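*Asks:* This is the structure I have questions about; it appears just below.
The values are calculated or read from the model by the stated rules, or taken from the named source; none is laboratory data. All values derive from a computational prediction rather than experimental measurement. Please note that ligands, DNA and RNA were not included when accessible areas were found on the heavy atoms of the full protein model with its side chains. Shrake-Rupley method; radii C 1.70, N 1.55, O 1.52, S 1.80 Å.
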Amino acid sequence: SLLRAYDVATGAIAWSLPLATPPRGSASLFEDGDVLVPATPSLRVSPSGDVVWSKQPPAMPWSSAAVDAQGRAYLSAGFAIYALGDAGGTLWQAQGGVMTSSPAIGADGALYVSAVVSGNTTVIVLGP
C-alpha cells in the first residue's frame, strides 16, 4: 500500500510513502497541515511527505481519527479509544467494547464514539 500526495495544479505525484498495511479509514488533518493515516502503524505525515511520528496501536484501527485544536488525535482500535499527543505518545486510553465508528468531537469538547457492548450498540461519551 502507498500513501500518495498529488500536485493539485498538474495531477502529478508529489511524493509517495509505503505503508505496512492499508489504511482503514480516511486520513485526518491537523491544523498545521499534517495528516494522520489510520493504519498499522498509524502515521502522522507532514505536507512534504516526512513521517512526523509512527504509532503502533495494540489493535488495527478500523476507522478515521478525530483531531482537536490542541493537536491531540483520537483513534479507535479494537476494544479501546486512544488519545495521542502531539508527538504520538499515548495520553490515555478508555476501554468500552468493540469500537464501531470513527470518534467525533462535539462543540463542548466531548468525544463521541459508538461501540458494541454486551451485544448492544452504544454511544460512548468521554469528556466535559
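*Asks:* May I ask you to derive the relative contact order of the chain, considering only C-alpha pairs under 8 Å and at least 6 residues apart, and to give it as an integer percent?
*Replies:* Working: 308 pairs, mean separation 17.5, N = 128.
The value is 14 percent.
*Asks:* For the chain, set up a Gaussian network in which alpha carbons nearer than 10 Å are linked by springs, and say which option among Ala65, Ala94, Ala104 fluctuates the most.
*Replies:* Ala94
*Asks:* Sticking with this one: Probe radius 1.4 Å, ligands and nucleic acids ignored: give me the carbon and sulfur share of the accessible area of the chain as a rounded percent. Walk me through the numbers on the way to the answer.
*Replies:* Values: 3720 of 6630 Å².
Solvent-exposed carbon and sulfur of the chain make up 56 percent of the total.
*Asks:* A further question follows. Under 10 Å, Cα contacts only: if you run a Gaussian network model on the chain, which one of Ala80, Ala39, Ala69 comes out with the highest mean-square fluctuation?
*Replies:* Per the Cα network of the chain with a 10 Å cutoff, Ala69 tops the list.
*Asks:* For the chain, what are the per-bin percents of Cα-Cα distances with bins 5 Å wide, up to the bin holding the maximum?
*Replies:* P(r) over the chain, rounded to whole percents: 2, 11, 21, 23, 18, 11, 7, 4, 2, 0, 0.
*Asks:* Rg/Rh for region 87-127: what does it come to with C-alpha atoms and Rh from Kirkwood?
*Replies:* 1.01
*Asks:* Next up: For the chain, what is the accessible area per residue in Å² when the probe is 1.4 Å?
*Replies:* Numbers: 6630 Å² over 128 residues.
Per-residue value: 52 Å².
*Asks:* Report, please, the projected area of region 41-115 averaged over directions, based on the convex hull of its C-alpha atoms, in nm².
*Replies:* 4.9 nm²
*Asks:* Quick check: Cα centre of region 64-85 to Cα centre of region 113-128, how many Å?
*Replies:* 15 Å
*Asks:* Compute a Gaussian network model of the chain, connecting alpha carbons closer than 10 Å, and tell me which residue from Ser118, Ser102, Ser64 fluctuates the most.
*Replies:* Looking only at Ser118, Ser102, Ser64, the largest GNM fluctuation is found for Ser118.
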